[in-house]
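Comments concern the structure below.
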Amino acid sequence: MELSSVDLSRMLTSMTLGFHIIFATIGVGVPVMISIAEWIGIRNNDEYYLLMARRWARGFTITVAVGVVTGTCIGLQLSLLWPSFMKVAGQVISLPLFMETFAFFFEAIFLGIYLYTWDRFKKPIYHWLLSIPVIIGSSASAFFITTVNAFMNTPQGFKLDGGALVEIEPLTAMFNPATPSKTFHVLTTSYLTAALILGSIAAFTVLKGRNGVYERKALKLTMAAGLVFALGTAVAGDVSAKFLSKHQPEKLAALEWHFETKPGADLLLFGTIDENNEVTKAIKIPGMLSFLAGSSLDHEVVGLDEFPEEVRPPLWIHYLFDMMVGIGFFSIIVSAGFIILDKMKNRNPYNKGLLWLILAGGPLSILAIELGWILAEVGRQPWILRGYIKVAEGVTSADNVGLTFLMFLGLYILLGVLTIIVLVKMFRNKPAEAELEDRFRGSSK
Amino acid sequence: MSLEVLGITVLWFFLYGYLIVASIDFGAGFFAYYGRVTKKEHLINHVISRYLSPVWEVTNVFFVFFFVGLVGFFPDTAYYYGTALLIPGSISLILLAIRGSFYAFSNYGSKDNDLYLFLYGATGLLIPASLSTALTISEGGFLKEEGGRVVFLAGKLFTSPYSWSVVVLAIVSVLFISAVFLTYYAWRARDLDALGVLRKFALFWSGPTILASLLVFASLKSHNPHHFENALDLWWMFGLSFICFAAAALFIIQGRNYGTAFIMVMFQFFFAFFGYGASHLPYILDPYISVSTSYTNDTMGRALVTAFIAGLVLLVPSLILLMRLFLFDADYVKGKK
């Protein structure tokens, strides 16, 4: 099979983003968890939580490094692979891209300070305060970069006059209709994913037979945070549905296999579709799609029939959508289950079955991030800038994209494998209990 | 000053900032590896890791800032450089990625892994070499536009004396800047053994730095005579650069004022870099992109400048805090914190 430059460029961009997004998500979410743990530790004078913050931060240094370098890769690859797109879009949307580097700069500075000043302040609360700019920096970074993606979905803030861009309004472009729902969704899911990954690690440790106070506290904290963020994610999902229905109806229609514009549209769960667009084995909830899109069972939902064939997104994104939403509900149920069992007397939240589910939550939430990202991007096809530039028009004219793809594939395999090896090595022979002895109790002897 | 010149000046400042902090970082990686191979590790690597650990990520940001800003202010650069530099740009990126992550792997993960340290050291020299080719290409003659496509003339780049002289200059400058800074840092840490080794490095690389600069000038004359003429008009910038170099070298030879010596080196490169940049104008990529033709629209230009000023208000105090905690805190530098 001969792959075109467009196919290869899409593959390379997908691969870089697909790899980077794991570390970016951790980079946005984990500082929040570290900060919460340190705060509780200082408030309650509880050395378990202080140790938790330290251990999480130690692992974080590795993932953040990979996040930084892969972020640099995608930053430059946008210009290398999509030069024509960047040339046009750069005129309108370079403001948030530029601001993202500032936020990132800010975060980098304070992260450097935070990681190397654990014992340098007389009052521990000063050290905790340093986590705030780290969170602001990383979340602002996510916010700015997501506004750029939002702009690709619902571009505004400029006019086309012949081939030239006129009446450019950078802020209008940045705060386009997709911005609120997208940034909200990205932030809540990043926090959620971080909580679930950390919870997953704690569950793994307990399942391996190390069931100490440290692990239990880690589970409680991550599951409580996970529940809050999972509920936030559900709200964000709802906001997204309403946004799509209003501003990007073809994406919602493709996600939901909704062909005809009509009021009282059904929500389809699961199912399969054949080449004649016949849906089988789906669960239908009458009127629910209308309700989600417009808060009323009679709301009219625009169907794919209003769009010419060549600008309809591919229909397979429905499967991704189902899995993503499913994982979202899974995380609500598991975290709520743990919290409820923990509150009830004579119930054991540390039973094997639940721990296995919590363990699964980490990898599943990363999977959900990947699925959500793919469906957001594929759901915009064939556009790179919806309504203005198609993907094929934005691509580089350079040869050798295939070779570049292979080089980066090698890089990501290398980084992925080494990240895991280094992280495992870092913690395998250092159980929390032993470190607690060393760090907090050893000196008093 | 017009907005586009202001824009390129701001970006040039950041590239200069990257030149300094990245040189320290790149060179330090090389010296750290050299230290291990020659069994002088115990003398110098402590000083190196003490400085690098908290700041390496910040270094990377200077670079990201530069290219994002460049595409923002001058969107045409994305088109020309982006199309032309797919392969060389990707190689630089991979080297940067390996370097950044292997620093973390070796520093936080397995401290004694020779391979990690080797990759960290080797990339320290390869990255400046590969990044400097972007500046070489900006002189023109290595790209051509045919049939609506931008083609990169790799063969020409590899056989050009100018191109190689820039690579040599980039590598020796990195080692020189880094050695002078680390000499200063060792002196602050009152680590006399490290000081002795690093001071020798600094002296060793000082001569080649000047020779390499002259080489670049000589080859620029034949590669881009027009730029060379412009540079001669700014002869005083390069004169100041040389005076600063001489002062720095003198201090290091005399074994005193290491802090001033490093500041002099910063000025040496400041004058040379801005002299080079100013004489390069109006072209960003000779002859395809000039600051005036490729400048983004006015609205975006103003928005970017505003964002930049707001950003500086945030960043400058943060950077000062970072430096006070790690660079100018005598106890930290000495390893007591």
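The numbers here are math on the coordinates, done by the rules we state, and not lab data. Keep in mind that what you see is a predicted model, and the values were worked out from it rather than measured. Heads up, the Cβs are rebuilt from the backbone with ideal geometry, glycines too, and the neighbour counts pull from every protein chain shown.
Observations on the model:
- Taking Cβ atoms as reference points and 10 Å as the exclusive limit, the residues near residue B:56 contribute a net charge of -1, counting Lys and Arg as +1 and Asp and Glu as -1.
- The H on the amide N of residue A:259, modeled in the peptide plane, is under 5 Å from the matching H of A:304, each at least 5 residues off or on a different chain.
- Only aspartates and glutamates eight or more places from residue A:281 in sequence, or on another chain, were considered; those with a Cα closer than 19 Å are A:256, A:266, A:322.
- Residue A:329 paired with residue B:321, simple spin-label distance in nm, labels 7 Å along Cα-to-beta-carbon: 4.5 nm
- Label sites at residue A:260 and residue A:421, each approximated as a point 7 angstrom past Cα along Cα to Cβ, lie 6.0 nm apart.
- Modelled spin-label separation between residue B:115 and residue A:211, with each label point placed 7 Å from Cα along the Cα-to-Cβ direction: 3.9 nm.
- Computed over region A:269-424, the percent of Cα pairs more than 20 Å apart is 72.
- The string of couplings for region B:144-153 from the Karplus curve (6.51, -1.76, 1.60, θ = phi - 60°) is 9, 9, 9, x, x, 10, 9, 10, 8, 8 Hz, one whole number per residue in order, with x for Gly and Pro.
- Pairwise centroid distance, computed over Cα atoms, of region A:305-353 with region A:1-65, Å: 21 Å
- Distribution of pairwise C-alpha distances over chain B, 10 Å bins, in %: 5, 24, 34, 25, 10, 1, 0
- Were the residues from residue A:356 through residue A:406 laid out at 0.36 nm apart, the gain over their Cα-Cα distance would be 14.4 nm.
- Rg/Rh for region A:343-418, where both radii come from Cα atoms and Rh is the Kirkwood radius: 1.25
- Using the Cβ-Cβ distance between residue A:413 and residue B:217 with R0 set to 45 Å, the FRET efficiency works out to roughly 0.55.
- Per-residue extension of 0.36 nm, minus the Cα-Cα distance of residue A:15 and residue A:47, leaves a gain of 7.4 nm for this segment.
- R0 of 30 Å, Cβ-Cβ distance residue A:429-residue A:119: FRET efficiency to nearest 0.05: 0.85
- For the residue pairs A:208/A:425; A:430/B:39; A:87/A:182; A:123/A:217; A:220/A:242; A:122/A:208, the C-alpha atoms sit more than 26 angstrom apart in A:430/B:39; A:220/A:242; A:122/A:208.
- With R₀ set to 56 Å, the beta-carbon distance separating residue B:122 from residue A:344 gives a calculated FRET efficiency near 0.45.
- Of B:161, B:75, B:225, the one that fluctuates the most in a GNM where chain B has Cα springs shorter than 10 Å: B:225
- Chain B - mean residue ellipticity at 222 nm from DSSP helices (-39,500 (n - 2.57) per run, n ≥ 4, rounded to 500): -28000 deg cm²/dmol
- Amide N of region B:223-259 lying under 13 Å from the label point, which is placed 7 angstrom from the Cα of residue B:153 along Cα→Cβ: B:223-224
- Rounded to the nearest 20 debye, dipole of the protein assembly as shown from Cβ charges on Lys, Arg, Asp, Glu: 3640 debye
- Binned Cα-Cα distances of the protein assembly as shown, short to long, each 10 Å bin given as a whole percent: 2, 13, 22, 25, 20, 12, 5, 2, 0
- Couplings 3J(HN,Hα) of region A:212-224, computed from phi: x, 4, 4, 5, 5, 5, 4, 5, 4, 5, 5, 6, 5 Hz, in residue order, whole Hz [Karplus 6.51 cos²θ - 1.76 cosθ + 1.60, θ = phi - 60°; x for Gly and Pro].
- Scaled against the 2.2 N^0.38 Å expected of a compact globular protein of N residues, the Cα radius of gyration of region A:218-314 reads 1.27.
- Extents of chain A, taken as max minus min of Cα coordinates on every principal axis and listed largest first, are 78, 48, 43 Å.
- Charge dipole (region B:3-333, unit charges on Cβ, about Cα centre) - positive-most of B:17, B:206, B:232: B:206
- Each part gets one Cα centre, and for region A:188-227 versus region A:100-135 those centres are 24 Å apart.
- Of the three principal axes defined by the Cα atoms of region B:53-172, the extents in descending order read 52, 32, 22 Å.
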